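K.L.:
Have a look at this one before I ask anything.
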Amino acid sequence: MASPGGQGAGALSTRGGSAARRMKWALELSLGNTRSRSERQGGQGDVIYPIGYSEKPVPDTSIQETDKNLVEKRCWDVALGPLKQIPMNLFIMYMSGNTISIFPIMMVCMMAWRPIQALMSMSATFKLLESSSQQWLQGLVYLIGNLLGSALAIYKCQSMGLLPTHSSDWLAFIEPPQRMEIMGGGMVL
Amino acid sequence: AAMAKLILLCLNFIILSNTVEAVFEDQVGKFDWRQQYVGKVRFSHFDTHLQSSKKVLLATEKNVFAALNTRTGELFWRHVDRTGPEGNIDALLLHGQDAVLVIGNGRLLRSWEINVGGLNWEIVLDSGSFQSACLVGYQGTVKHVAVLKKASISLHYLSNGHQKWVENLETVDYQAVYSGGNGDVYALGVVPHSHITVVSYNVEDGEINKQMSVEAPWLSNIQASCAVIAKEMLACVDSSTASLYMLDLHVQSQMTQIPLQSLGLEVDPGFQPALVSTQPNPARPPLSEFFLQLGPEQHLLLQLNNGQIVVLRDFKPAILVSFATTGEKTVVAVMSPKNKTVICGFCTLQCFPLACSVNLFSAESGRRLLDTTLIFNMDPNGGKPEKLYVQTFLKKDDSVGYRVMVQTEDQTLTLIQQPGRVMWTREEALSDVVTMEMVDLPLTGTQAELEGEFGKKADGLMSMVLKRLSSQLILLQAWISHLWKLFYDARKPRSLVKNDVTIENLSRDEFNLQKMMIMVTASGKLFGIDSKTGSILWKHYLDNIPSNAAFKLMVQRTTAHFPHPPQCTLLIKDKDTGLATLHVFNPIFGKKSHITPPTLPQPILQSLILPLMDQDYAKVLLLIDDQYKVSAFPSTKNVLQQLQEMASSIFFYLVDSSQGRLCGYRLRTDLSTELIWEVIIPTEVQRIVSVKGKRPNEHVHSQGRVMGDRSVLYKYLNPNLLAVVTESTDLHQERSFIGILLIDGVTGRIFHEAVQRKARGPVHVVHSENWVVYEYWSTKSRRNEFSVIELYEGMELYNSSVFSSLDRPHAPQVLQQSYIFPSSISTMEATLTEKGITSRHLLIGLPSGGILSLPKMFLDPRRPEIVSEQSREENLIPYSPELLIRTEWFINYNQTVSRVRGIYTAPSGLESTCLVVAYGLDIYQTRVYPSKQFDVLKDDYDYMLISSVLFALFFATMISKRLAEVKLLNRAWR
């Protein structure tokens, strides 16, 4: 708002400044410091605003109704985000296959890590949803979505054989049985 | 190294396309060593045809013919013949560059060129048992060799072995053949206690010149008591009449009797006197001087002078005598004990001197030659001298110089130079290793001291602190001296740095890769060998070992119990009397232990080492006598008490293959036993060949196998399981069979029984974990076959915490598969590692001298015939009947190990590494890595590259960090 005068002055001054050496004289229209480079300085205190001019923007009350709807919508977006990702994840799961190699592992890690991360920052999300009227419902949906996401990741781990669900996974921990009898002997020497 | 290997591989393919090395070229001899032996010497000749020759030829009882370097004792070449009587060397005759050997009781006549050890010729002789052979000279040259057999005498050309003539002999027992260079060949025979028969043949055509028989009722064996001396004079000695008998072979006459008393001599009571003569040149008659041995330590030099016997010199005491000729001079070497220093055997109370002196005497006069004394210091842990071989040579001043090679009772060959310098020693007893063990080396003295500190009882805080400080100081001192030594050695050229291993500086290395090998040989000599270098650190000769003794070596206490010394016990059993003795010794130093072993009045059947320990950490050894009573060693109160508590869980089994009986016994608290089971295998049909249990120090890491569907098939790991192998007594190829029996040693329960029809032994068995692998000859298909049996408990474990044979109701599942193997085998053993994580390999000793490391993976009864998804998941190799021998599986590359008789495996401190010793005629030690070296950086690991890259990256980070800072600052200023 302060710019028109200042800008004009600045433009003039620069023009004057650049032409200063060529011209014999120049008239400075602005009252501020001629050497001042800063436009803000020029615009702040020294510009006299016209009467009725307010620096604060006037809030537009006519748009407020639709805005509220938007918040609601936005909150639902946040809440439904994890659920929306599930089809995408399913597709990735299908594409990456069950072989154990670096890319599927990375995918699985991502898939497992994201919901966990989301669950960890649950309170932050709730704060985001604070303004919504259906805060609790949205929170629940968000939670379910994330849980579903992590369940999907676990299922993927399971189908890749990364979960210790078989007896063979615990084989290495079986101690050799203790021997009850001592036996020895051999051919008669 | 990879490039070198490539080149080597190419070379190998070009030169010998059948062997490929499995080690890098620069690793040859780094982890492995081989020692070659020849065995106990039967005949030996120094190569004399050149003055500068460095060869000594040996023909041994192991059927080996070899040439040794007299300067170093190393082998020039060696020829190993068949074992047993077929390859037996009956005679060795040396003429110039040719060595003529009679082999296999007169089966073959061979001539070797001794410079390079090449075969000149070989001919097959007519059948008949060999008696004697000699070189035949005529008119100053030696062109023939005469071979006397029981039924014939034949003459062969030395140049090509062709037979010149052969004559049949009558039924008289001809024993000796002799030729004096005058165109006659004499065959001397005897009709025991009746008369001597002498037949003389013409060299040219084999016609009988003369034949005579002379009364000699006292004579039974010509070779033992007669010798030909001077010009065709047969001299014999008889102990019953105490006389010498002389017979002129030219003229038929009576034997002239010369009573020894007339010479002023007397025979030791009970001693069989003997005669020794010498014939330096086969083309000339023997010398007229000869030795008469009258007692174990009395030798006489006699001379036949104009038909009269003259005593030139009486050598008493003299242990050994020998003739030696150089040029025209013949001397006698006499070994006599040096008095004063006497050592007595522990067990036998037999005393023998600590040092002997050898002197030279002129053969003609019996006069002693000046400056010819040689001192032979005997090893107190060795045996008595047994044979003396003398090499003489003329010095520049025409005097006689000499070296002697002495063979002692413990089969040690020593070459000594004047005045007593030992040039080399060869321990030929090591050619016949019976059993061995590997023992961990102790920690260094200082380490052990530090460790021992915790074992001692505390006596006050202050003294403990002081003790700790002092031991830390000692450690510091040791470390500084070690550093100093490193620094000092670093300045010297590498070749000069000696790395001598002695008993004093022995210590365990970081990964326990260096161990002490304790080898027990058939001659009764014990050796302690450093496994890293192969140097013999101690030896101990046990005299009075019966020739057919059975040995069992047990480690009672390891080195882990400082300050108690480690302790090994050797059970020596005389198979004839059944009586046994125990030899208790320290395996690191070889010293006999001060602990007195119990005397065993009863014959001992078996022994059993228990995991129980007495208060001194010695494992308890149980000895079972023929009354089935048990005695314990050590038998302190503590031990007896422990035994009483444990008695009900101590079982033992005995297998008597002569009666076909397998019995199981249980110990009672009063140390008697009760029979709890018995299996009889009828000896008329089959006999028990071997029984294999599991090795007590074997660990199995994985209790099961993972299937394709990720379930577990649990292994049946019964520590009491025995594999019994039987062979049929009927050896006809249609009816012969072998049987294998898997039996529980505690309960006697038979789990599996298999009979392989149309198969024949020898069967080699390995029993480990849950599998048994055996190899046999299939007479039906005429090939060697491997068979593997694996036992599984099923998909569920019955009891995973304890294993008791008495409580296992379910019989295991048995899987079996067989394969064809392209070679016969000599011996077989499985690798062994610390924790049993590493996969197993079978080490197979082949008759060709190779040692094959065959992955057990190939011998797996679950190998499928049709590949399925699941079997692929399990990494099972599809079944194919043939097992291939891949050349890179030979762990001993070109280091052939002759006549492998046994392979010993021991775990090292590294899980990946297993130490292997193969013994037979040779000894070979190496390391194997069945699953590659997963816990060790490669030998050629590029430390320089890695560390320089690391440093470079580090500095790059530092620099770029600095640069980034500068740049940020600049940007902020802008």
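The values are calculated or read from the model by the stated rules, or taken from the named source; none is laboratory data. Since this is a predicted model, take the numbers as computed values, not measurements. FYI the Cβ positions are ideal-geometry reconstructions off the backbone, even for glycines, and counts take in every protein chain you see.
K.L.:
If the requirement is being within 13 Å of chain A (Cβ to nearest Cβ), at pLDDT 90 or above and either surrounded by 16 or more Cβ atoms within 10 Å (Cβ to Cβ) or more than 22 Å from B:LEU605 (Cα to Cα) (or both), which of these qualifies: B:ARG710, B:ARG666?
P.N.:
Of the residues listed, the single one that is within 13 Å of chain A (Cβ to nearest Cβ), at pLDDT 90 or above and either surrounded by 16 or more Cβ atoms within 10 Å (Cβ to Cβ) or more than 22 Å from B:LEU605 (Cα to Cα) (or both) is B:ARG666.
K.L.:
Within the stretch B:644-694, how many residues turn out to be within 19 Å of B:GLY739 (Cα to Cα) and among the small types (Gly, Ala, Ser)?
P.N.:
5
K.L.:
Any idea which residue in the stretch B:863-902 is surrounded by the fewest Cβ atoms within 10 Å (Cβ to Cβ), counting only those that are touching a residue at least 24 places away in the same chain (Cβ under 8 Å) and of a type in the set (Lys, Arg)?
P.N.:
Among those that are touching a residue at least 24 places away in the same chain (Cβ under 8 Å) and of a type in the set (Lys, Arg), it is B:ARG872.
K.L.:
Just checking, how many residues over the stretch B:616-627 are surrounded by fewer than 20 Cβ atoms within 10 Å (Cβ to Cβ) and more than 14 Å from chain A (Cβ to nearest Cβ)?
P.N.:
2
K.L.:
Report, by residue number, each residue of the stretch B:628-655 that is facing another protein chain (nearest Cβ under 10 Å), within 17 Å of B:GLY748 (Cβ to Cβ) and either touching a residue at least 24 places away in the same chain (Cβ under 8 Å) or touching a Phe, Trp or Tyr at 6+ places or on another chain (Cβ under 7 Å) (or both).
P.N.:
B:ILE650, B:PHE651, B:PHE652, B:TYR653, B:LEU654, B:VAL655, listed by residue number.
K.L.:
Within the stretch B:115-154, how many residues turn out to be touching an Asp or Glu at 6+ places or on another chain (Cβ under 6 Å) and under 22 Å from B:SER44 (Cβ atoms)?
P.N.:
Residues that pass the stated criteria total 2.
K.L.:
Same structure, new question: Which count do you get for residues in the stretch B:38-75 that are basic (Lys, Arg) and surrounded by fewer than 16 Cβ atoms within 10 Å (Cβ to Cβ)?
P.N.:
The qualifying residues number 2.
K.L.:
Then there's this: Going by the structure shown, is B:GLY578 within 14 Å of chain A (Cβ to nearest Cβ) and in a loop (DSSP other than H, G, I, E, B)?
P.N.:
yes
Yes/no matrix, rows are residues, columns are (1) farther than 24 Å from A:MET187 by Cβ; (2) within 14 Å of another protein chain (Cβ to nearest Cβ); (3) in contact with an Asp or Glu (Cβ under 7 Å, 6 or more places away or on another chain):
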residue: B:SER702; (1), (2), (3): yes, yes, no
residue: B:ASP730; (1), (2), (3): no, no, no
residue: B:GLY745; (1), (2), (3): no, yes, no
residue: B:ARG757; (1), (2), (3): yes, no, no
residue: B:HIS764; (1), (2), (3): no, no, yes
residue: B:GLU769; (1), (2), (3): no, yes, no
residue: B:TYR774; (1), (2), (3): no, no, no
residue: B:PHE803; (1), (2), (3): yes, yes, no
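K.L.:
Further question on the same structure: Might you check whether a residue that is part of a strand (DSSP E or B) and either surrounded by fewer than 20 Cβ atoms within 10 Å (Cβ to Cβ) or of a type in the set (Ser, Thr, Tyr) (or both) occurs anywhere in the stretch B:81-91?
P.N.:
Within the stretch B:81-91 (the criterion being part of a strand (DSSP E or B) and either surrounded by fewer than 20 Cβ atoms within 10 Å (Cβ to Cβ) or of a type in the set (Ser, Thr, Tyr) (or both)), the answer is no, since none of the residues qualifies.
K.L.:
One residue is enough: does the stretch A:104-113 have a residue meeting the conditions within 20 Å of A:LYS156 (Cβ to Cβ), over 24 Å from the mean Cα position of the chain (by Cα) and at pLDDT 80 or above?
P.N.:
yes
K.L.:
For the stretch B:530-554, which positions are within 14 Å of another protein chain (Cβ to nearest Cβ) and either at pLDDT 90 or above or in a strand (DSSP E or B) (or both)?
P.N.:
B:ALA549, B:ALA550, B:PHE551, B:LYS552, B:LEU553, B:MET554
K.L.:
Here are the criteria: (1) among the aliphatic types (A, V, I, L, M); (2) modelled with pLDDT of 90 or more; (3) surrounded by 17 or more Cβ atoms within 10 Å (Cβ to Cβ). Tell me which single one B:ILE676 does not satisfy.
P.N.:
So B:ILE676 meets the others, but not (3).
K.L.:
Could you check, for the stretch A:127-145, whether at least one of its residues is among the acidic types (Asp, Glu), within 14 Å of chain B (Cβ to nearest Cβ) and exposed (fewer than 14 other Cβ atoms within 10 Å of the Cβ)?
P.N.:
Within the stretch A:127-145, not a single residue is among the acidic types (Asp, Glu), within 14 Å of chain B (Cβ to nearest Cβ) and exposed (fewer than 14 other Cβ atoms within 10 Å of the Cβ).
K.L.:
Right, here's the next one. B:SER194 is checked against (1) more than 23 Å from B:LEU294 (Cα to Cα); (2) in contact with a Phe, Trp or Tyr (Cβ under 9 Å, 6 or more places away or on another chain); (3) of a type in the set (S, T, N, Q) and fails just one. What number does that condition carry?
P.N.:
If we test B:SER194 against (1) more than 23 Å from B:LEU294 (Cα to Cα); (2) in contact with a Phe, Trp or Tyr (Cβ under 9 Å, 6 or more places away or on another chain); (3) of a type in the set (S, T, N, Q), just (2) comes out false.
K.L.:
How many of the residues making up the stretch B:598-615 are crowded, with 16+ Cβ neighbours inside 10 Å and either touching a residue at least 40 places away in the same chain (Cβ under 8 Å) or away from chain A (no Cβ under 11 Å) (or both)?
P.N.:
Total meeting the criteria: 9.
K.L.:
Looking only at the stretch B:158-195, filter to residues that are of a type in the set (Gly, Ala, Ser) and at pLDDT 85 or above; which one of those is surrounded by the most Cβ atoms within 10 Å (Cβ to Cβ)?
P.N.:
The selected residue is B:SER179.
K.L.:
Here is a further query. Let me spell it out: the conditions are (1) among the β-branched types (Val, Ile, Thr); (2) within 14 Å of chain B (Cβ to nearest Cβ); (3) touching a residue at least 40 places away in the same chain (Cβ under 8 Å), and A:ILE174 meets all of them except one. Which number is the exception?
P.N.:
If we test A:ILE174 against (1) among the β-branched types (Val, Ile, Thr); (2) within 14 Å of chain B (Cβ to nearest Cβ); (3) touching a residue at least 40 places away in the same chain (Cβ under 8 Å), just (3) comes out false.
K.L.:
Test B:VAL142 against the stated conditions and say whether it is out of contact with any Cys (no Cβ under 8 Å at 6 or more places or on another chain), at pLDDT below 90 and outside any loop (DSSP other than H, G, I, E, B).
P.N.:
yes
K.L.:
Continuing with this model, one more query. What single numbered condition from (1) touching an Asp or Glu at 6+ places or on another chain (Cβ under 7 Å); (2) in contact (Cβ under 8 Å) with a residue 40 or more places away in the chain fails to hold for B:ILE588?
P.N.:
(1) is the only condition that B:ILE588 fails.
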